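Taken together, the values in this text are just the output of simple stated rules run on the coordinates, not laboratory data. The structure displayed is predicted, hence computed values, not measured ones. Note that we place each Cβ from the backbone using ideal geometry, even for glycine, and neighbour counts take in every protein chain shown.
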Amino acid sequence: AMREAIAVAVANTPQRMAEYTQAPDSRAGAPRADLYLKFLVEELKPRIDAAYRTLPGREHTALIGSSLGGLVSLYAGVAAWQTFGLIGGVSPVVGWGGHDLEKRYQQADAAHLPLRIWIDMGTAEDAADVGPDSRHIRELRRFRAVLESRGYAVGKNLGYQEDAGAPHNEAAWARRLPDILRFLLPPER
């Protein structure tokens, strides 16, 4: 159903809010996503490539995260494009920093955009704002529109899902993961 892959899970730290964000926001301190990406690109990925039988090119390298991890993964798609060509933003906080991520995708050189992107969101991410027109779903649709304006097409190089009734938690993300992996890592022809 998908290409053979090596999965590497990176543990988060108590500073995850700063480490996974690329722009200032009232919800966190100074952003440190660039340092986190530097760690992934300059330290972790070279170790994995040296220790395992990998295909190191960006067309074979995915970064997938959920919540703020989804935000930093999407940010990596434009900030570390040479390394990560396959991006999964699972319940990403795309409105962070005044929709900073949208601006970065709008301004990125087309050649520096990810090859494939997956974005999704549950319709019950926020218990106080549930349904197919919740704020989170509206923000995800807004980001999808930005991606579509840059040439992405749902089902082609953009995976998109609104998961009816799904909350913002690991169980919901785990249920969606097989679809994400099949989309980002389809079998070789």
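Counting each DSSP H run of 4 or more residues in the chain as -39500 (n - 2.57), what helix-only mean residue ellipticity at 222 nm follows after dividing by all residues, to the nearest 500 deg cm²/dmol?
On the way: 7 runs with 72 residues, N = 189.
When only DSSP H runs of four or more count, the value is -11500 deg cm²/dmol.
Report P(r) for segment 1-64: all Cα-Cα distances, bin width 10 Å, range 0 to the bin holding the largest distance, values in whole percent.
18, 44, 26, 11, 0
Based on the mean of other Cβ atoms within 10 Å per residue, sort peptides 175-185, 71-81 so the most packed one is first. Show your work: numbers first, answer last.
Numbers: 175-185: 17.0, 71-81: 25.1.
Packing proxy ranking, top to bottom: 71-81, 175-185.
I'd like to know how segment 45-152 sits against the 2.2 N^0.38 Å rule of thumb: what's its Cα Rg over that expected value?
Details: Rg = 14.7 Å, N = 108, 2.2 N^0.38 = 13.0 Å.
Relative to the rule-of-thumb radius for its length, segment 45-152 sits at 1.13.
Work out the length of the dipole vector of segment 119-189 about its Cα centre, built from +1 on the beta-carbon of each Lys and Arg and -1 on the beta-carbon of each Asp and Glu, and round it to the nearest 20 debye. Present the calculation step by step, with values, prior to reporting the outcome.
On the way: 11 positive and 12 negative charges, 78 e Å.
The calculation lands at about 380 debye.
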